[in-house]
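The values are calculated or read from the model by the stated rules, or taken from the named source; none is laboratory data. Just so we're clear, the structure is a prediction, and the values are computed from it rather than from any experiment. So basically every Cβ, Gly included, is an ideal-geometry build from the backbone, and we count neighbours across all protein chains shown.
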Amino acid sequence: MRTLLAGLSMIAVAAAGPADDPKPVRVLLRTDRGDIELELDPAKAPKTVANFLRYVDAGRYDGGRFHRAVTPANQPDNKVKIEVIQAGVNPDQVKDEFPPIKLERTKDTGLAHKDGAVSMARDGPDTATGDFFVCVGDQPELDFGGKRNPDGQGFAAFGKVVKGMDVVKKIQAAPADGQTLNPPVGIKSARRLP
């Protein structure tokens, strides 16, 4: 009888299989130009998603802003052109940003900087904190091996826009001094969706 019970227990464990991958997480950004809904991929980019959600859950993007828009016309000194909009935390809370995270490279995550991809802004590798950007069009030069950043390490894509690309394009077309949006486009709130 014990052998039968032990055998049944082993079958039950085998049937359960490995732990399920984490489910995608949706986040709603309410901006001065409209709503943008993001779908984050914690199965492929767990550290980057956890970092972004830490800022969302702490309310750090409430009162934040989209402050940069990169278009083909406003990067005359860059041989490698990209198109993105970049946002950051509430300026009053920049001094309270969380520690930088390790770079989850696209060669490891399998994610790419396609149209609508959401990714973390950074200087050198392992320096990303709260700033993030959204790709307008496919941006392969932001992936690992891309030439936009001289180090070739790329950026950490961690999700995509699922609703509101029209808002993203409105933000990209907003008035700017060079790449600096003037005025910035405010983020009213950033919340997880059920």
Considering Gly152, Gly110, Gly116, Gly124, which residue is at positive phi, free of Cβ contacts under 8 Å to residues at least 60 places away in the same chain and loosely packed, with under 15 Cβ neighbours inside 10 Å? Gly152
I'd like the residue in segment 1-60 that is at pLDDT below 85 and hydroxyl-bearing (Ser, Thr, Tyr) and, out of all such residues, is farthest from Ala121 (Cα to Cα). Thr3
Got a number for residues in segment 30-50 being touching a residue at least 24 places away in the same chain (Cβ under 8 Å), in contact with a helix residue (DSSP H, G or I) (Cβ under 7 Å, 6 or more places away or on another chain) and not in a strand (DSSP E or B)? 4
Can you confirm whether segment 108-116 contains a residue that is at pLDDT 95 or above, small (Gly, Ala, Ser) and touching a Ser or Thr at 6+ places or on another chain (Cβ under 9 Å)? yes
Scanning segment 51-66 residue by residue, those outside any helix (DSSP H, G or I) and over 20 Å from His113 (Cα atoms) turn out to be Ala58, Gly59, Arg60, Tyr61, Asp62, Gly63, Gly64, Arg65
Taking the criterion of being surrounded by 15 or more Cβ atoms within 10 Å (Cβ to Cβ), part of a loop (DSSP other than H, G, I, E, B) and at pLDDT 95 or above, would at least one residue in segment 165-172 satisfy it? no
Could you grab the pairs with beta carbons closer than 6 Å, sequence gap of 6+ or different chains, first residue in segment 67-88 and at negative phi and touching a residue at least 40 places away in the same chain (Cβ under 8 Å), second one buried (at least 19 other Cβ atoms within 10 Å of the Cβ) and basic (Lys, Arg)? Val80/Arg148; Ile82/Arg148; Gln86/Arg68
